[in-house]
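Every read-out reported here was derived from the displayed coordinates using simple, explicitly stated rules and does not represent laboratory data. Computed from a prediction, not measured in an experiment: that's the story for all the values here. Here the Cβ is made from the backbone with ideal geometry for all residues, glycine too, and neighbour counts use every protein chain on show.
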Amino acid sequence: MSETLLPGEARLQAMAAPEGEIAAATRTLVVGPYLTRAAAQAAGAPDRQAARSTAARLDEAVGLAAAIDLDVAQATGLSLQKIRPSTYLGKGRVEELAGLIKAEEIGLVVMDCALSPVQQRNLEKAWGAKVIDRTGLILEIFGRRASTREGRLQVEHAHLAYQKSRLVRSWTHLERQRGGFGFLGGPGETQIEADRRLIQERMTRIERDLDAVTRTRGLHRQSRARVPYPIVALVGYTNAGKSTLFNTLTKAEVRAQDMLFATLDPTARATKLPHGETVILSDTVGFISDLPTPLIAAFRATLEDVIEADILLHVRDVSHGDTEAQAEDVAEVLDELGIGDRADRIIEVWNKADLLDEAERTRLLNLSAMARESGRNDRDSAAPVLVSALTGEGLPALMSRIEARIARSRSTFAVILPPEDGASLNWLYENAEVLDRRTVEGGELHLAVRIAPEKEPRFLNRFEGARRLARAG
């Protein structure tokens, strides 16, 4: 960042910075210590978490590690009956993994769970290797991916909040890995308290900076509101294909990779619907199960477009074995944002149809048709749309569905124009959706147009002879 740092803040910023450069050359073991289904239910875990397969959860953890280029030497899933307060794992498991870590010359262990500072320290002592948990790993990914000033500030704030509770561990780690900051003999209690105060001061300063950035974003939204296009926001589990869909629909070049959290910073582009209506399409950060609480709060501002959106496209990877559980995770985040009960705003997009076998494709198409049939009395049913953002399959149907959903709030009119009134015809094409256009004998134009509520007064003032065909609602 270009801002001037206060005394001591350079050290804190280094502490909050991503450690990808160090970790990339380190042999890594990914451990998935998962409670059995019965134990998870007894502990009050959500049903969807208990229902996830160990293989799918471990595969996701390996994907998170790969997102910051960790050299994953091995991954192992463990079934737990209960969580041990001191080391999370039982004594036998700790000793068994210690042997594996020594034999494989592992320098970094990723635990796919949330560890307390005590558990993390004890495991590091037992294994003689650096240990990070799921929260720490996701923070590192966010630190690598965030590119806007707002994103970087949010990541640093979340990282400092996480490190504040692990101050003793983090400084001993920095001594060992980075050689430094003047703590070669180990930090004393006075230094730890001073560092804790510096962290809090830095967090307060970041919060002030974030307030300023949020106000700027608000001004941008007000500016955009003066050209009131509908907002269509893409939401979904990470790596569901949102950015690929965004790029295909808008001809943009947002980063789209087969990688968890490839997109962190929100991006918006204008695109046209089949009948010419302009909408703002917004790509957003992907959701994930067990997202660290500090990051949910820190990245809430990046989801403002989701909260304000006229339509949400819930993009799902239907080729994934845990697609149902992932969908429930997304629904939970939407509930936290206060918009989960707005089913009339949500269109489910079943993505990655190109990865399905013929039997599964037929099954999903039948499910979609059944949903569409059950809602045939509505002008637009809640049926999901099966698409492939990569090949373009199903995208025309999706755009028509978006258009139909927007049309619910718009009235339709019949307009007759003399052949020489080109200015009025141009106005209609720029401000309304022209649904039908016919030229009758003598050159007179008969049009059916759909108009947004905020433009309807100007429309009626200009076209006094317009006849209403259908009301909004």
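Worth pointing out:
- Ranked by how many other Cβ atoms sit within 10 Å of their own Cβ, fewest first, the residues Trp350, Trp127, Trp427 fall in the order Trp427, Trp127, Trp350.
- Subtracting the Cα-Cα distance of Arg27 and Asp357 from 0.36 nm times their residue separation leaves 115.2 nm of extension gain.
- Distance violations [Cα-Cα > 18 Å] among Lys82/Lys164; Lys102/Lys125; Lys242/Lys352; Lys251/Lys272; Lys82/Lys102: Lys82/Lys164; Lys82/Lys102
- Inter-label distance for Asn431 and Thr391, nm, one decimal - labels placed 7 Å from Cα along Cα-to-Cβ: 4.4
- The tail of the calculated P(r) for the stretch 411-470 beyond 13 Å holds 58 percent of all Cα-Cα pairs.
- Extending 7 Å from Cα along the Cβ direction at Leu367 and again at Ser400 yields two label points whose distance is 2.2 nm.
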